[in-house]
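Notes follow the structure.
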Amino acid sequence: MQTVWLTGAEWLAVLRIGLGLWWLESWRHKDRKGWFERGTGIAWAADIAGGHRWSPVRKGFDAVVAPRPKLMAYVVVYAELALGLGLVVGFLTPVALVGGLLLNLLYLVLMIHDWAEQGQNAMMALISLVALFAMSWQTWSLDHAIGLFR
């Protein structure tokens, strides 16, 4: 498909890179000292999960996240960094897209009552699906340069 400036594949790469930059911005603006030393990020999530209207969310948080808050803080923060870098440079792109989709869906379910958060996570999840099914790693990516995921 040819468009005005770029081909369809190039526009998909722009979409993928933009999503990666969105993840990097999410990582950049986090107060990592607060997340890692004071536990603010997981404490905030625990407060939301504790009052969640869906009991599986509360139970899942209590079973998976609450017993290991420091580890989960590192997982969340560095997952966002890894997703961003992977999507921007196009390395292990399908893995990054699926991982980002799952993380966005987790965020979406946790923040079901917050419309602003829902909008952001829904858009990021939609972009992940489009980029995944359109195989956006075929242009401007390390995956394509080294022959992965053809």
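The values are calculated or read from the model by the stated rules, or taken from the named source; none is laboratory data. Predicted model, so just to flag it, every value in this text is computed and none were measured. Don't worry about glycine lacking a Cβ; one is built from the backbone with ideal geometry, like all the others, and counts go over all protein chains shown. Quick note on the areas: whole protein, heavy atoms, side chains included, nothing else; ligands and nucleic acids left out. Shrake-Rupley method; radii C 1.70, N 1.55, O 1.52, S 1.80 Å.
As an equivalent ellipsoid, the chain spans semi-axes of 32, 16, 13 angstrom, where each value is the square root of five times an eigenvalue of the C-alpha gyration tensor, largest first.
Relative to the longest principal axis of the Cα atoms of the chain, the long axis of helix 115-133 makes an angle of roughly 40 degrees. When you filter the trypsin sites (Lys or Arg not before Pro) in the stretch 1-65 for DSSP loop state and at most 10 other Cβ atoms inside 10 Å of their Cβ, you are left with 53.
Per the Kirkwood formula applied to alpha carbons, the stretch 16-70 shows a radius of gyration over Rh ratio, Rg over Rh, of 1.09. Remark: the stretch 102-150 is approximated by an ellipsoid whose semi-axes, taken from the C-alpha gyration tensor as √(5λ), come to 30, 9, 7 Å, largest first. Over the stretch 1-124, accessible surface divided per residue gives 56 Å², non-protein components excluded, 1.4 Å probe. Here the chain has 71 percent of its accessible surface on carbon and sulfur atoms, given a 1.4 Å probe and all protein chains in place. Relative to the longest principal axis of the Cα atoms of the chain, helix 40-50 runs at roughly 70 degrees. Dimensions of the stretch 54-110 along the principal axes, based on C-alpha atoms and rounded to the nearest Å, stand at 38, 23, 12, largest first.
When the chain is treated as a GNM with alpha-carbon contacts under 10 Å, the residue of 26, 136, 55 showing the greatest mean-square fluctuation is 55. May I ask for the angle, rounded to the nearest 10°, between helix 8-28 and the longest principal axis of the chain, with both axes built from Cα atoms and the value confined to 0 to 90°? The answer is roughly 30 degrees.
Taking 37, 117, 80 as the candidate residues, the one with maximal mean-square fluctuation in a Gaussian network model of the chain, Cα springs under 10 Å, is 37. Each part gets one Cα centre, and for the stretch 27-69 versus the stretch 126-150 those centres are 32 Å apart.
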